[in-house]
Amino acid sequence: MRQGPHPLKRPALVAQTPTLTGMAGRGRCCERSHARFTDEHLERLAVIARVDQRVLFARKAHLAIYGPRLLIVTLCQGGALHYLDCLKGKKHTNGVKDLDVYTFYSEDLKVPWPYRRHVVADFGESEFGYHPNKRKAFVGRHVDLMGRALPVEPNAEPVEAVRDWLATNHNKTPRLLREKGVVGLHHARYRGRVIWDPDTDL
């Protein structure tokens, strides 16, 4: 179970999230949005994750050692499955309720990664609209930001490192993630790359 989500202050996101020309207006209130996923959506999620990382390292200086150990930022769970459905041109898509983003790092054995950390950020105005139970200060979908440190070297190939973790680790989190899919967000060269597709990888 996720524990103790803390909201990421919106002013930091507003100040550092770029204006994306392909992003439409606020959208409507609905339990699950079936709007098509776009590259602009992926770019915005990557920016939100990077802002969260900067906030974390500023508040917890001892964790800044993980900055150079960043492997990849990914979209997971239902959002990733919806992206895959859109990519495949499916008529009936999973839809987006919220957006789960995992950042993966190379583990530092001397500084444990806080794997229970869970931050909730605001995706902002978009075609996805907003959930009926959104936080009052938010205008868009919730973005759940989490991270894991993998037992690999900092120069490990990121996609292979994540795929190996998903395929061989029997803990709850990788089991849940491999059931829905994983899609690259950052670095830019991985954005939109399918890292794990349950239709072909399970």
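The values are calculated or read from the model by the stated rules, or taken from the named source; none is laboratory data. Predicted, not measured: the structure shown is a model, and the values here were computed from it. Heads up, the Cβs are rebuilt from the backbone with ideal geometry, glycines too, and the neighbour counts pull from every protein chain shown.
Odds and ends about this structure:
- Selection status of R54, charged (D, E, K, R) and either buried (at least 18 other Cβ atoms within 10 Å of the Cβ) or part of a helix (DSSP H, G or I) (or both): yes
- Residue match in the stretch 113-128 (condition: without any contact (Cβ under 8 Å) to a residue 24 or more places away in the chain, more than 23 Å from L202 (Cα to Cα) and surrounded by fewer than 20 Cβ atoms within 10 Å (Cβ to Cβ)): no
- Looking across the stretch 57-83, the residues that are assigned to a helix (DSSP H, G or I), surrounded by 21 or more Cβ atoms within 10 Å (Cβ to Cβ) and not polar (S, T, N, Q) come down to Y66, G79, A80, L81, H82, Y83.
- Residue match in the stretch 63-78 (condition: modelled with pLDDT under 95, in contact with a Phe, Trp or Tyr (Cβ under 9 Å, 6 or more places away or on another chain) and of a type in the set (K, R)): no
- Of the candidates D144, D85, the single residue that is under 18 Å from the mean Cα position of the chain (by Cα), free of Cβ contacts under 8 Å to residues at least 24 places away in the same chain and under 22 Å from W196 (Cβ atoms) is D85.
- Residues in the stretch 45-78 that are among the small types (G, A, S) and in contact (Cβ under 8 Å) with a residue 24 or more places away in the chain: A46, A49, G78.
- In the set H82, H118, only one residue is in contact with a Phe, Trp or Tyr (Cβ under 7 Å, 6 or more places away or on another chain) and modelled with pLDDT of 95 or more; that residue is H82.
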